[in-house]
Amino acid sequence: MGHRIQTLLATSVLEEQLAQMRNAVVCGLCQLLDLKDLNTGVHSTRLAEWSVRIADQLGMDEEFQRDVEVAALLHYIGKVGIPDSVLRKAGHLTEDEFRRMQKHPEFGWSVLRLLPGFERVSLFVLHHGESQVACARLKTSSFQERMTSLQRKLAAFLVSS
């Protein structure tokens, strides 16, 4: 019995450390995004609060709410790959600049999908812009098959700005 209790305690400690690591990664990425554009961080924080409230009102489980919150906080992370000359341009974007800007959800997905535990978050980020190019390149996997179309649509709606 003593060994089982020790195992449960060790598992609990590891789960807590994993949650702390996930939160630290999210905070670090948010700070990186704020370095690119402080207004984006303010917008993302408000969007995350709003998205979680809506998901809660719809009765979505805590894991979904957590993933929607993270996706809302990081939905613009792909803008790190967009040149400042395009992001900060005062006038209208050219067709080429606009196409480049539309790729930010795909850029965000390509980074977040590499982080363990961020698979669904990465898909929410990808779909927030409903980028046809990104969706066409997205390969099907068993994880994506398990995620319902309704969840993807709801998350894309909640994370859209």
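Computed from the coordinates by the stated procedures, all read-outs in this text should not be read as laboratory data. Only a predicted model underlies this, so the values are computations on that prediction, with no experimental measurement involved. Glycine also receives a Cβ, built like all others from the backbone with ideal geometry; neighbour counts cover every protein chain displayed.
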*Between Leu115 and Ile5, what is the spin-label point distance in nm, taking each point 7 Å from the Cα along the Cα→C-beta axis?*
3.7
*So how do 12-18, 104-110, 73-79 stack up, highest first, on mean other-Cβ count within 10 Å?*
73-79, 104-110, 12-18
*List, in order, the whole-Hz ³J(HN,Hα) value for each residue of region 53-65 obtained from phi through the Karplus relation with A = 6.51, B = -1.76, C = 1.60 and θ = phi - 60°; use x for Gly and Pro.*
4, 5, 4, 5, 4, 7, x, 6, 5, 4, 5, 4, 4
*On full extension of the chain, what length is gained from Ala24 through Ala90, given 0.36 nm per residue of separation minus the C-alpha to C-alpha distance?*
20.4 nm
*asked:* Could you order the peptides 49-60, 88-99 from most to least packed, using the average number of other C-beta atoms within 10 Å per residue?
replied: 49-60, 88-99
*If each of Phe157 and Glu15 carries a label point 7 Å out from its Cα toward its Cβ, how far apart are those two points in nm?*
3.2
